[in-house]
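Since every read-out is calculated from the coordinates, none of them should be taken as a lab result. Because the structure is predicted, anything quoted here is derived from the model rather than measured. Counting neighbours? That spans all protein chains shown, and the Cβs are built from the backbone with ideal geometry, glycine included.
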């Protein structure tokens, strides 16, 4: 079945309302040692491991008491963490760096390396064939996200363009396909599953994905106070996280069905081929890869120059595998 625009818009409205209500009902920070840890992830491909963990109850199986919530972006997760409404979250690099700089956060592990999950999508038949053709066009992009950072800091300059040469429109990921359908934008910089939805439904054409520009690390991050006060619970959380990651390796067909049910349960008539295409672009990996600290230092230099952060964190001390190692040993 094809995804109909009306169904999609209904889904996007539901997602936005859900994110608002969830953000308002999360528990206060440090609400007691017996309270569950709160965990937030994006309702996109970047939250796929969290979706699997939730349905398969891997946190509970690992002895962790976790209350999970969904948000429309990593920026929204980060803001909830800074406000002490979420203890642990899944974040892209840009909101993670801001969170570490301003919110006393610390990375625990990786969710994935997601370079292929982000893409610039243009309206099918709109005459845009290359990035050069985006000059003067309206591009939907979620400001404050890693997706937007790479668009403005790496992709546009590669083709001799700046933000002033295009019209960036701040549109949430969940609303970008609808914006393309309505004609309010000519293209969008989005994250899966939305590029695959546009492609399979014949709405848009993927101009390029981000893999040639950025590895797009996606992080599991915690508020430092929670890590200090609830170390055993955090270790149990990571054991549950690793169980969910293992399913991506051992049973991709099961993972596909879980993610499909996740979206269809929200009233979204998304197809199995769309989910399969989306998952083919994920590199689910919990460990830090070589060169990751250099990547962070390079990203921070750009963000300091743009006044997004005041100083560069000491990633040599902050990025450590010890939490994952402890979870694996235990």
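Here is how the numbers come out for the structure above:
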| quantity | calculated |
| --- | --- |
| Residue-span extension gain [residue 322 to residue 206] - 0.36 nm each, minus C-alpha spacing | 37.9 nm |
| Separation in nanometres of the label points that stand 7 Å from Cα toward Cβ, at residue 250 and residue 102 | 4.1 nm |
| More than 29 angstrom apart: percent of Cα pairs within the chain | 34 percent |
| Length gained when the stretch residue 135-residue 330 is fully extended (0.36 nm per residue, less Cα-Cα span) | 64.8 nm |
| Length-normalised contact order for the chain - Cα pairs under 8 Å, 6+ apart - percent | 27 percent |
| Centre separation in Å (Cα based) which lies between segment 207-246 and segment 127-187 | 28 Å |
| Tensor-based shape of segment 37-138 (alpha-carbon gyration tensor, a/c under 1.5 rounded, otherwise prolate or oblate) | prolate |
| Cα shape, segment 116-212, gyration tensor, a/c 1.5 rule | rounded |
| With Cα atoms, 0 to 90° folded angle of helix 231-250 axis to the chain main axis | 50 degrees |
| Sites residue 297 and residue 35 - FRET efficiency at Förster radius 51 Å, r taken between beta-carbons, to 0.05 | 0.90 |
